[in-house]
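Structure, as C-alpha cells:
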Amino acid sequence: MIKGSVIGLGKMGLSHAAIVGAHPKVDMVSVCDTSSMVLDVFNKFTKVKTYSDYVQMIDNENLDFVVVATPTKFHYPIVKYALEKGLHVFCEKPFMLNSQQGNEIVGLAAKKGVVNQVGYHNHFIGTFRELKRLLGENVLGELSHFSGEAYGPVVTKEKGGTWRSNSAEGGGCLYDYASHVINLLQEVVGRPSKVHGTLLKSIYSKGVEDAVYSLLELDSGLTGTLLVNWSDETYRKMSTSITVQGKKGKIICDATEIKIYLKEAAPAQKLDKGWTIKYITDFAIPVDFYLRGEEYSAQIDYFVDCIGENKNARYNTFEQACYTDSVIEMIVNNNKI
C-alpha cells in the first residue's frame, strides 16, 4: 500500500481526503490542519492520525506522498519541505503566488525525481481530452481564433473580506477561476506567450477582480480571448468552455458535451459534414469512487498510478502549473500598463 496524507482540510482538502481514504491502493495514515474542530471530527470518526503541524507529521510518519490543499500562500513552504524529504506531491491550484517560487519548486521536484501534480481537474474530463485529440488530428485545419470562458456564482453580493478578497492569498477571479481556463487553454490549444489587452473588473469585491477579460497570443501566433466572471448568478456552478475556430470548421467544448461543425466530412474521425454532438458519457474516465465528478477521483487515480508504476506524470505537472502562473503574471502586468 502507498502511504499518504492530506494537508489542509478545507472544501477541497476534505474532498481529497475522502477520495484518498477510499482508494484501494492507498493507506491514508494521517491528515493535517490548523482547525482543532476539524481534527476532532477525524479523531472521533476515523483511525487516521491527526496533526496541526505539517513538519512534525512529515517527520514522524513514513509517508510516500502528500496532498497539499491549503490556501495558496502556504503552498511554497509546505511543498518545498515535502520535496526535500523525497515525497511525491499533489498540490491544489493555483500552484504558487509567483513564478520565481514556482520555478524553484519545479527544479527541486526534478532533482528529487518525484511524481508531481497540480489539481487542474479539467484535464481529466473526457470532452476536453477529445478536443485536444481532434486538434492534434488537425480536423479544423489552420486555426483562426479561440475563446476560453468560465462563469459562476462565487461572489454575487458585497460582503466582508475573506481570503477570496486578498490576492496575496490567491484570492480574486484571476487566480481562483481564470487559472483553470488558462491552464486548459495552454495544454489543449497552445501556450500563451503575449497579452495584448486586459480588463480586471471589480463588481462586488473590494481589492480583487470579479471578472477577467484578456486578449492572448499563443506561441504559434494564434490569438483569442479569455473571458471569465465569477459574479454571474445565472450559473448554478462553475461552467468552463473552450471554442476553437479554423478554416475547416469549429468546435465548442465544455464539461458535458463537445459540438463539432465541419465544412466537409472527416471519415477518418467518423465525423459528418455539418454538426456532430457528442456527450461526456462517450468519454468519461471510469473511476471506482465518484465524488463531485469523476474528474476529481480520476486525477488522484492517475497520481497514485504514477507513483506505483514509478513513471513521470504527463498531466498537470508542476512545470505546466508554473507556466500558468507565469501567464497570470503577464495578465496582471499588462493590466498595469
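Side notes on the structure shown:
- Seen against the Cα atoms of the chain and their longest principal axis, helix 99-112 is set at about 70 degrees.
- Per-selection metrics, segment 178-337 (Cα): Rg and Dmax in Å: 18.1, 53
- Which of Glu61, Glu137, Glu209 has the fewest Cβ neighbours within 10 Å, and the rest in rising order: Glu137, Glu61, Glu209
- The eigenvalues of the Cα gyration tensor, multiplied by 5 and square-rooted, give segment 223-265 an equivalent ellipsoid with semi-axes of 26, 13, 6 Å from largest to smallest.
- Cα-based reach from Lys157 at 15 Å (exclusive), listing aspartates and glutamates while leaving out same-chain residues under 8 positions away: Glu209, Asp210, Asp232, Glu233
- In summary, segment 82-218 shows an alpha-carbon radius of gyration equal to 1.21 times the 2.2 N^0.38 Å reference for compact globular proteins.
- Met28, Met1 arranged by Cβ crowding within 10 Å, fewest neighbours leading: Met1, Met28
- Counted charge near Ile260, where neighbours are those whose Cβ lies closer than 14 Å (Asp, Glu -1; Lys, Arg +1): +2
- Between segment 108-126 and segment 57-91, the alpha-carbon center distance in angstrom: 13
- Remark on segment 1-159: Rg and Dmax equal 18.5, 59 Å (Cα only).
- Column: log10 I(q)/I(0), Debye, Cα scatterers of the chain, q = 0.07, 0.12 Å⁻¹: -0.30, -0.88
- Counting only alpha carbon atoms, the long axis of helix 126-136 and the longest principal axis of the chain meet at about 50°.
- Remark: for residue pairs Lys11/Lys194; Lys25/Lys112; Lys201/Lys247, the C-alpha separation exceeds 28 Å in Lys11/Lys194; Lys201/Lys247.
- Cross-link pairs beyond the 32 Å C-alpha cut-off, checked among Lys73/Lys111; Lys44/Lys73; Lys3/Lys44; Lys49/Lys80; Lys263/Lys311: Lys263/Lys311
We did not get these values from a lab; they are worked out from the coordinates using the rules stated. Remember, it's a predicted structure, so these values are computed and weren't measured experimentally. Don't worry about glycine lacking a Cβ; one is built from the backbone with ideal geometry, like all the others, and counts go over all protein chains shown.
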